[in-house]
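What follows is one structure encoded as structure tokens, with my remarks underneath.
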Amino acid sequence: MSASGDDFVTRLTAHGFDFFAGVPCSLLGAVHRALESRTDLIYVESTREDEAVGQASGAFLAGRKPVVLMQNSGLGNSLNALASLTIPYEHALLLVITWRGFEGKDAPEHIVMGDAMTRILDSLPVPWQVYDPLAFDRQLDQVDRHFAERCPSALLVHKGLLELEA
Amino acid sequence: MSSPRLDREIAIATALEILPPDAMVIAANGHMGRALFRVADRPGAFYMIGSMGLASSIGLGIALAAPERRIAIFDGDGNVLMNLGSLATIGVKRPRHFLHLCFDNETYASTGGQRTISSGVSLERVAEAAGYGYAARADDAAAIRRAVSLALEANGPSFVLMKVAGGGLPPGTPRIPFSPPEMTRRSRERLLPER
């Protein structure tokens, strides 16, 4: 199953997501390319993933429906922002996180976080789903339920699920 | 011998004199937010109690989502140093009505007064190099009034650094009396009054 980056973004904007911030991963290369050229949304190329979480908080305060995109290496960078801003202040947010190190198969710098990521998300907690292109709309409905509860949630995207790469 | 540094609360009050009442205020964590709250609590002001460094990022998110809003960040030197990358993002996105105030006491006051390294780096020059349209240093009340007035006229992000005295908060200064969810409600009501 393949899905273009533009289609992925369109599925998100159709669910009302209108503010995107993050740091790229090659697994989402086509998504970032689409975001760069779209004029129907706000896109920030953040210098760090926790910066993106802060920007998303600001957007949420101003009534937007934000998405933060990151490689799972960036989840580590984001923990304090999630733990002391997003969650306690009840700022809803969708995290699209690529799963480098999935099943222990990747370059060495990704192995630790590839193994630890879901346990880290569970410990905050931040609910997560593994992205399923055949069930994307249903997954976004679940994200919307978390939004209604003012709760962040994550969609985990690993290699092989879809072709959104650069 | 250099003249004594301006009291931080006087610097805050002076900046607030010039800042229009419709400005959306975002305050950094620690003593910065508590000092601001003690001087004046602007309606809907957002006080960050953790996430050190992110006040300017929160402000940028609001500015991009609501470009007609005037944003004022009440930041500290430790906070700015922790998120220097944010200066670049702000410089590049160029929000039009974005005032970034840095009350620089060269101290991590909230953790017992350890020094920051801000005496060794001109944060206002970093902001200027990052693309802020206006960047200035102001060390007395008259200079603050001038700098903030000029910053408000600038069509792009502005940075005003004020060297202020160290030392802790006056005794009896309360913590921010709102819970985080209450602060989110207050700020959203301010930004989205029609909801």
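Work out the FRET efficiency for B:R115 and A:D132 from their Cβ-Cβ distance, taking R0 = 41 Å, and round it to the nearest 0.05.
For B:R115 and A:D132, the calculated efficiency is 0.20.
5 Å is the cut-off here: which amide hydrogens, built 1.01 Å from N in the peptide plane, fall below it relative to B:H100, excluding neighbours closer than 5 in sequence?
Here B:I73, B:S158, B:F159, B:V160 satisfy the definition.
For region A:107-166, what does the alpha-carbon gyration tensor say about shape, rounded, prolate or oblate, given a ≥ b ≥ c as the root eigenvalues, a/c under 1.5 as rounded, and a/b over b/c as prolate?
oblate
In whole Å, largest first, what are the principal axis extents of the Cα atoms in chain B?
55, 38, 29
Using the number of other C-beta atoms within 10 angstrom as an exposure proxy, rank A:M117, B:M32 with the fewest first.
By the 10 Å Cβ count, ascending, the order reads A:M117, B:M32.
Could you give the dipole magnitude of region A:54-166 about its Cα centre, charging the beta-carbon of Lys and Arg +1 and that of Asp and Glu -1, in debye to the nearest 20?
It works out to roughly 260 debye.
Just B:G112, B:G172, B:G76 to compare: in a GNM of chain B, with alpha carbon springs under 10 Å, which one fluctuates most?
For chain B, modelled as a Gaussian network with Cα springs under 10 Å, the answer is B:G172.
Identify all lysines with a Cα-Cα distance to A:K159 below 29 Å; exclude those on the same chain that are fewer than 8 residues away in sequence.
Qualifying lysines at Cα under 29 Å: A:K65, A:K105.
Can you give me the P(r) profile for the protein assembly as shown? Cα pairs, bins 10 angstrom wide beginning at 0, each as a whole percent.
Taking all Cα pairs of the protein assembly as shown, the binned fractions are 5, 26, 32, 22, 11, 3, 0, 0 percent.
Rank these for me by crowding, A:S57, A:S78, B:S57, going from fewest to most other beta carbons within 10 Å.
A:S78, A:S57, B:S57
Could you compute Rg(Cα) / (2.2 N^0.38 Å) for chain A, with N its residue count?
Compactness ratio reported: 0.94.
Below 8 Å between Cα atoms, with a sequence gap of 6+, how large is the relative contact order for region B:36-155 in percent?
22 percent.
Computed from the coordinates by the stated procedures, all read-outs in this text should not be read as laboratory data. Given the structure is predicted, the values throughout are model-derived calculations rather than measurements. Neighbour counts run over all protein chains shown; Cβ positions are idealised from the backbone, glycine included.
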